[in-house]
Amino acid sequence: MQNNTFSTLFVGQNLIKLKEVDSTNNFLKKMVSNSEPLAEGTVIMADNQFAGRGQQNSVWQAQPGKNISASIYLKPFFLPLEKQFFLNMAVSLAVSEALAQFLPDGISVKWPNDIYFGSKKLGGILIENTLTGSSIKSSIVGIGLNINQEEFAEDIKESATSVIQILQKNTPITEILEQIVIFTEKYYLVLKAGRYDSLHDEYLQRLYNYNIAATYKQSGTVFEGTIKGVTDNGRLLVQTEQELVSFNFKEIEFTHTK
């Protein structure tokens, strides 16, 4: 179903709503693999996503009809491979800014792409790129956010939160999705203009634990460190007592802020 009510140039101008799907990212990948051309900015949104995925193949748990489970189709062929993490920065900022229209101060991006409010997880982003030669042919941006879900499974209820838990009232999902679409287009165009320094600086301003001494875990060993930045290719820079160390995805685990 098409919906042209968003005040955007292209992101969300083709909106496809589904009642149920295993994963909006998977659904969009199947659409892309078909011979029919797909408009850049196409958004897939599902009421129920029963096999949603997070980073490192973790399962995204969400109650049907209460949260945002969506994917956006982009074609950032202009983005050098060594700078592909900047798409992650752009989308993380877009989601953060969209939520900031509804929530009080306290939204941050936990590296590499979890969305936090205070010390609890509000949602996450999963970007899957298709490469051709030395460029990015297409990107599928999956976004999962806890909106009107009041209760969570026992194993995550202490670490997860939702918009309704923060505001103590329901918020229309379509209103938040509209802001996500608007800000995604804004930051995507900043990315397309090559304003990498601007994106990098804003990402650091939103970065969870940035310049705060905290404890982390690597290969079972707990150590103290302070996040000092993120490299162009997405590595996390942490200052330990001995040196400045860079970590790739899955190489470091957050424990708690001091």
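The values are calculated or read from the model by the stated rules, or taken from the named source; none is laboratory data. Remember, it's a predicted structure, so these values are computed and weren't measured experimentally. Cβ coordinates were reconstructed from backbone atoms using ideal geometry, including for glycine residues, and neighbour counts include every protein chain displayed. Each accessible area value is taken on the protein alone, full model and side chains, heavy atoms only, with ligands, DNA and RNA left out. Shrake-Rupley method; radii C 1.70, N 1.55, O 1.52, S 1.80 Å.
The packing ranking of peptides 231-244, 21-34, highest mean first, is 21-34, 231-244, where packing means the average number of other beta carbon atoms within 10 angstrom of each residue.
Beyond 20 Å, what share of the Cα-Cα pairs of region 175-235 is found? Please give it as a whole percent. Roughly 47 percent, once rounded to a whole number. FRET efficiency for the pair Leu38 and Glu224, taken as 1/(1 + (r/R0)^6) with r the Cβ-Cβ distance and R0 = 51 Å, rounds to 0.60. Computed from the Kirkwood radius of its Cα pairs, the Stokes-Einstein diffusion coefficient for the chain at 25 °C and 0.890 mPa s stands at 131 µm²/s. Over all alpha-carbon pairs in region 212-254, figure out the percentage whose distance exceeds 11 Å. Result for the distance tail: 62 percent. With θ taken as phi - 60° and the Karplus curve 6.51 cos²θ - 1.76 cosθ + 1.60 applied, the whole-hertz 3J(HN,Hα) list for region 35-43 is 6, 5, x, 10, 5, 5, x, 4, 10 Hz, x standing for glycine and proline.
Going by the alpha-carbon gyration tensor, a ≥ b ≥ c the square roots of its eigenvalues, is region 105-252 rounded (a/c under 1.5) or, if a/c is not under 1.5, prolate (a/b greater than b/c) versus oblate? Could you put the intermediate results ahead of the total?
Working: a/c = 1.78, a/b = 1.10, b/c = 1.62.
Because a/c hits 1.5 or more and a/b fails to exceed b/c, region 105-252 counts as oblate.
Could you look at the chain and say what percent of its accessible area is carbon and sulfur, using a 1.4 Å probe and all protein chains? Of the solvent-accessible surface of the chain, carbon and sulfur hold 47 percent.
Before I look further, what does region 184-240 give for accessible area per residue, probe 1.4 Å, in whole square angstrom? Each step should come with its number before you reach the end.
Numbers: 2680 Å² over 57 residues.
I get 47 Å² per residue for region 184-240.
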